[in-house]
Every structure is written in C-alpha cells, then in structure tokens.
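Novice: Once you've had a glance at the structure underneath, I'll fire off some questions.
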Amino acid sequence: MSTLAERLDSIRVRATVPGTEIGAELRHSGELTVTFGPSVYDWLDERNLEHFMAILFRLLLAEWVRAHRAALPDEFRAALGPDDQQERDYLAARDTLEATGASADGRVTISAVGLENFTVRLTPGSVRELREQKFVERTREAFRAFLDDQNTKISELKYRFFT
Amino acid sequence: MSFDHLMKHANDIQAKAIRNAKIDQVKNAPPVYPDGIEGYYSYIPSMFEPFSQMPDPASYDHMIGNMDKSMANLCTLSGVDPFDKDHTCMINTDMSLGATDMSDWNGKAANLFKERFVEPFPKYSQNQFTLVATVKSGLLAYQAKWAAARRDIDELAHSVENALDLTGTQMFPDKNKWEIQFTVLASITAVGAAILALGTPPTSPVGALALTAIGAYAQTRAVDAPPDLPEKRTLQGETAYQITNEMTEALNKINQTIDAADEKIAAGFARTLQDITDSRRHLIANRPALADQSSTEIRGYDGLGPPQ
Amino acid sequence: MPDQGEALGVDIFHLYKTAKNLREVAVIYRDSARLLSLSESSWLANAGESRSRPHPVAPEWETACAETTKVLEDTARNLDDTAHALDRTADDYAATDQAAAAEYKRLREADV
C-alpha cells in the first residue's frame, strides 16, 4: 500500500489550450513540460503566445489543485471548507496573493493572482529569437521560479494566519 | 493480531516530524528548539509504546467461548442471548428434572421440593442463563473497547503521518486539517446497556411469574439504552510542531476514553453485583430441606412422608 | 397404609430415578461453573498487561463472575446433596424390607 507521499509524488496533470495543439504536463515535483503541435510555435506571434500560455497555466493549475484535493485521504477531505472567520480571512488573502517568476535571462515572466489570473509576458523579439525548444526551457525556468515564489508566499501566509 | 506496526508508525512520524521541522525552521516558522529538533521529537516513540501493548481483543475470545458453552448448558426456555445478537443457543433438553418421579411421596419436604425446586427448575436455569449472559457482556465490552482503541490509535497515527506528508515539501493552498473520531465509548454503549440489565424485578412474591421477570426485564434494558455516538474532532497544523501537539492531545484523549470506558464497565458491574444480591431468590432455588434431613426425619411426615 | 414389599420397591426405585436425574443435572451445573472459572485458562495473563492499565478486567467484573460461579456451584451442591439424601433413604428402606429390596434391585437392573 503506497503512502500518501508516494501517491502525491505520482500526481501528473495535463491541460491543453482549447482549439489548439498547445499542451502542458505538470508533475507533483513542479516539473513542467510544454508541447506544441507541428509548426504551431513557428506561426505564433508574441501576443498570441502570451495569451495562450496564460490560458494554459490557468487550466493546468486548476487541474493540479483538483488532483491534489482528490488525492487527499478521507479524513482530510471530510474537513475541507472553512470552519471559522480566521480561515475565511486566510482564503480571502490567499485568493488575492500575487506570485511571479521569470527565466534567468528575463525573457519569460509568469505571474498569477490567486493561482487563477495568470499573466505571461515575453520580452519583445523572444519568439523570433528563441526556437521552440529554447522557449520551452525558458518557460520551465520561469515556471519553477513562479512556483517557488507561490510556495514561499503561501507558507508565509499560512504561518501568519495559523501559527 | 499483533499491534507492532504501531511502533513503525511512531518511528515514521518521528522521522517526518524532524524532517518537516527543519524545513519549518528554514522558513522561520515557530518555535525555536532550545534542545535541538532531534531532541525535541525524541518523545514520540515512547508516547506510542503503551498503546502498542494494549491487549489483543482476540484474547477474550476463549473466555467468551467458555461463557457461550456455559449458557448452552443452562438454556431451558429461550436460546436468545439478550446481549449478543450473534449468539443463540438451542434448548438443552438434558437440563431437565423430567425424570424425577416423586408422586409416591407427599411429605412436607417432598411437596416443597416438587413445588419450589422441581416445577420452577427451568425458570431458575433460564435466569442463570441470563446472569451468565450478563457476565459475558462484560467481556464483550472489554473486547469492543480494545478493538475501538486500536482502531482510533491506528487512524490517528495514519492521519498524523498524512498531515506531515501534506505539509512536508509543499505548501498546499488549503488549510491543513483533518477529522478524527474517538469511538471507544460508543463501542461499549450497546454492551454497556446490557450490563445494567439484570435489574431488580418488580416486587412480587416468589412464584412462576416473578421468575420470568428477570429475562424480560433484561431484554428491555438492553434495547432501551440510547447509543453513544463517536466523538469527532478536527485537528489542524501547518508545522511539525503544531501537528505533533495535536497528536499528543489526541493520544491523551484516547487514553481518557479508555479509562472512562473502564469506569463505565466497572460501574455497570457494581450494579450487577447489587442486582445479584437483590434478585437472588430468582436466581437460585432455596436448598431443599430434604438435603439436610436426618434418616429418621426424612422418612417422616416432615420429610418424604410415608411411601405411597 | 404405607407401601410395603414390592410396592415399596417401586417407590424407592422412583427415589433412585429422581436422585439419578438430580446428579446428572448437577454434572451439567458443575461444568457450567467450571467454564466460568478464571483459572480455567490463563486467559487473564494472555490478555496482556499494558503499563498504564495493569488490570484487563475490573474487580467488580471479577466479583460478578465469581458470584455467578457460586450460584451455579451452589445449585450443583444442592442437587447432589438432595440426590444423596434420596439414595440413602432408598437404601434405608431396602435394608428393612427384603421384598422391597429385591424389587428395587430388579427395577434398577432393568433400567439401562
């Protein structure tokens, strides 16, 4: 029988931007994979790419949260939902939490408010200057930085409200 | 069934608490550990240890089986075990004074023997059946208590480990909390009601009617008592320190419920002891005078009377 | 007129039958009492001891069990003692009346 830790480690979620061949997979560890259908990347301009990536991350993170809630043991699922005002205040603060991360070269920046409102910014010229593979690498870097920032801020928020 | 796996849980909890506490420390979460993290969490295995020594519920099976056999002997009017729905007896046809023939003997002691010993014999035996069932119900209560305690500790240990896994490497967006149950008192309720069942029958002269009163009264009591529900509690914690504090409080609570169950069972049987005293005339017929009469007396009118 | 001879033999045979029945039932009662005996098996030791809870059963329960055992043992003793008194009486009558003794013996031997 696997422990909860093992079950969490094996979580993997996927999302696709509707109507496109732009997809991503996210593992529990935070490792991101982004895939484009044949020639899709080459025909995108920056604004569209930013737009699609934002949608992609919104869908992906929604799946991530859903998969983690589903992996909760029964005794945790039974306790879901705010019990008191303090918890409601926490949830309100969490839902307006801003987190951000960027690739080392600054080309790709991912931001979110409350893990739902995603914004992706690419420095001008990135699409022309980066081949698909490089773009994906930069995106993974930025996403890792974003997740770290998100986790740090959630920690701080939880410690502030609950310890 | 051994409960050794509980100590493995305890060791895993200790290791995960230490791991998490180090991460918490890096994030500047309270508390400060003046004696170091390993030192602080070293108490965990010894806290679980007494629980790993709890009696195996199955260890009561043999004695319960013996009581069932005793009841099978005594079953003369009804095989229904008033306190154990999984147990019924067949009427024991050997438990009968039907082969006695005292029609030729009509002395005073002989008539009392027929009237007060032979005739009501099945009812005394059936009341003794109920008495043994009552004693047996105590064993069922202890068995249920230990089984519930094992279950509660097991679930607590699992949930604490889960809590540490959930807060270990990541901070999930939801508050970390979970529900546990304390089922020990609820587990003995159904049986506990039975313990009080051998009540004082309505005051009435000794006779056929009075003797059946105990069985009926016992059954009424067993059915009427309202069951205790398991007690629920929500535990919470983001840090190893918080989670293990919740764990310690819950373990203390489980201890309390075990003690409370013991008190309840003991109080129930203190009541049963009183009932045995109060209802003695329904549990055992008076010793026949015949048993103590001299050779001369027994052949006279006060004894068996002249042979007819 | 009290019975004598053969008729008395029949009467004391009935005492014998009654005593036999009482003794058989006494055996069942002693068995029932034995089954409740806590020393019958070392189950109390097997039930284990917890450091914080050295008694697997309450003294009140043990006493209730002991009292119940006593009810059963007392019943067994009353049955046996009554049986003994009836047997002794049958023998006493047989000792004074040869015809009764012969009939008594015949009936006992036929009763298998």
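Novice: Confirm whether A:E46 is over 22 Å from B:G237 (Cα atoms), more than 13 Å from chain B (Cβ to nearest Cβ), touching a Pro at 6+ places or on another chain (Cβ under 8 Å) and surrounded by 13 or more Cβ atoms within 10 Å (Cβ to Cβ).
Specialist: The answer is yes for A:E46.
Novice: Of the residues that make up the stretch B:162-175, is at least one crowded, with 24+ Cβ neighbours inside 10 Å and either more than 13 Å from chain A (Cβ to nearest Cβ) or not in a helix (DSSP H, G or I) (or both)?
Specialist: no
Novice: Kindly provide the set of residues from the stretch C:1-28 that are under 19 Å from B:A72 (Cα atoms), within 8 Å of chain B (Cβ to nearest Cβ) and either in contact (Cβ under 8 Å) with a residue 12 or more places away in the chain or of a type outside the set (A, V, I, L, M) (or both), ordered by number.
Specialist: C:N21, C:L22, C:E24, C:V25
Novice: Still on this structure, please answer the following. Output yes when any residue across the stretch B:151-158 is more than 8 Å from chain A (Cβ to nearest Cβ), in contact with a strand residue (DSSP E or B) (Cβ under 7 Å, 6 or more places away or on another chain) and buried (at least 24 other Cβ atoms within 10 Å of the Cβ), and no when none is.
Specialist: Yes, the stretch B:151-158 contains at least one residue that is more than 8 Å from chain A (Cβ to nearest Cβ), in contact with a strand residue (DSSP E or B) (Cβ under 7 Å, 6 or more places away or on another chain) and buried (at least 24 other Cβ atoms within 10 Å of the Cβ).
Novice: Looking at the structure I just gave you, is B:V132 within 9 Å of chain C (Cβ to nearest Cβ) and β-branched (V, I, T)?
Specialist: Spelling it out, B:V132 is indeed within 9 Å of chain C (Cβ to nearest Cβ) and β-branched (V, I, T).
Novice: Cβ-Cβ distance below 6 Å, separation of 6 or more or different chains: which pairs start in the stretch B:90-109 with a residue that is more than 7 Å from chain C (Cβ to nearest Cβ) and end on one that is in a loop (DSSP other than H, G, I, E, B) and hydrophobic (A, V, I, L, M, F, W, C)?
Specialist: What qualifies is B:I91/B:C75; B:N92/B:C75; B:W105/B:L304; B:G107/B:L304.
Novice: Still on this structure, I have one more. Identify, by number, the condition in (1) at pLDDT below 95; (2) among the hydrophobic types (A, V, I, L, M, F, W, C); (3) in contact with a strand residue (DSSP E or B) (Cβ under 7 Å, 6 or more places away or on another chain) that A:F146 doesn't meet.
Specialist: Only one criterion is unmet by A:F146, namely (1).
Novice: Kindly indicate whether B:K145 is under 28 Å from B:H9 (Cβ atoms), at pLDDT below 95 and more than 8 Å from every other protein chain (Cβ to nearest Cβ).
Specialist: The answer is yes for B:K145.
Novice: For the condition under 18 Å from B:K136 (Cβ atoms), in a helix (DSSP H, G or I) and either at pLDDT 95 or above or in contact with a strand residue (DSSP E or B) (Cβ under 9 Å, 6 or more places away or on another chain) (or both), what is the one hit in C:K70, C:K105?
Specialist: Selected residue: C:K70, the only one of C:K70, C:K105 that is under 18 Å from B:K136 (Cβ atoms), in a helix (DSSP H, G or I) and either at pLDDT 95 or above or in contact with a strand residue (DSSP E or B) (Cβ under 9 Å, 6 or more places away or on another chain) (or both).
Novice: Quickly run through the stretch C:72-112 and pick out the residues that are among the β-branched types (V, I, T), over 20 Å from B:R299 (Cα atoms) and surrounded by fewer than 21 Cβ atoms within 10 Å (Cβ to Cβ).
Specialist: If the condition is that a residue be among the β-branched types (V, I, T), over 20 Å from B:R299 (Cα atoms) and surrounded by fewer than 21 Cβ atoms within 10 Å (Cβ to Cβ), then C:V112 is the only one that fits.
Novice: Counting only residues that are over 28 Å from B:K123 (Cα atoms), at the interface with chain C (Cβ under 9 Å from one of its Cβ atoms) and surrounded by 17 or more Cβ atoms within 10 Å (Cβ to Cβ), how many does the stretch B:53-88 have?
Specialist: 5
Novice: Can you work out which of the residues in the stretch B:285-295 that are in contact with a helix residue (DSSP H, G or I) (Cβ under 9 Å, 6 or more places away or on another chain) and more than 7 Å from every other protein chain (Cβ to nearest Cβ) is surrounded by the most Cβ atoms within 10 Å (Cβ to Cβ)?
Specialist: Per the criteria, the residue is B:A285.
Novice: Within the stretch B:172-181, can you find the residues that are touching a residue at least 24 places away in the same chain (Cβ under 8 Å) and closer than 14 Å to A:F162 by Cα?
Specialist: Selection gives B:K175, B:N176, B:K177.
Novice: Right, here's the next one. Taking B:M1, is it touching a helix residue (DSSP H, G or I) at 6+ places or on another chain (Cβ under 6 Å) and either modelled with pLDDT of 95 or more or not aromatic (F, W, Y) (or both)?
Specialist: Here the answer is no, as B:M1 does not meet what is asked.
Novice: What's the total number of residues in the stretch B:13-48 that are among the acidic types (D, E) and at pLDDT 95 or above?
Specialist: Total satisfying the criteria: 1.
Novice: Would you please list the contacts, defined by Cβ atoms under 8 Å and residues six or more apart or on different chains, that run from a residue in the stretch A:50-73 that is away from every other protein chain (no Cβ under 14 Å) and of a type in the set (A, V, I, L, M, F, W, C) to a residue that is in a helix (DSSP H, G or I) and buried (at least 20 other Cβ atoms within 10 Å of the Cβ)?
Specialist: Hits for this filter: A:M53/A:T139; A:F57/A:F143.
Novice: In the stretch A:36-50, how many are part of a helix (DSSP H, G or I) and of a type in the set (A, V, I, L, M, F, W, C)?
Specialist: Number of matching residues: 2.
Novice: If you don't mind, another one. So, restricting to helices (runs of 4 or more DSSP H) that lie completely within the stretch B:227-300, which ones have at least 1 residues that are hydroxyl-bearing (S, T, Y)?
Specialist: Those helices (runs of 4 or more DSSP H) span B:240-278, B:295-298.
The values are calculated or read from the model by the stated rules, or taken from the named source; none is laboratory data. Just so it is clear, the structure is predicted and the values come from calculations on it, not from any experiment. Reconstructed Cβ throughout: ideal geometry from the backbone, glycine too, with neighbour counts over all protein chains shown.
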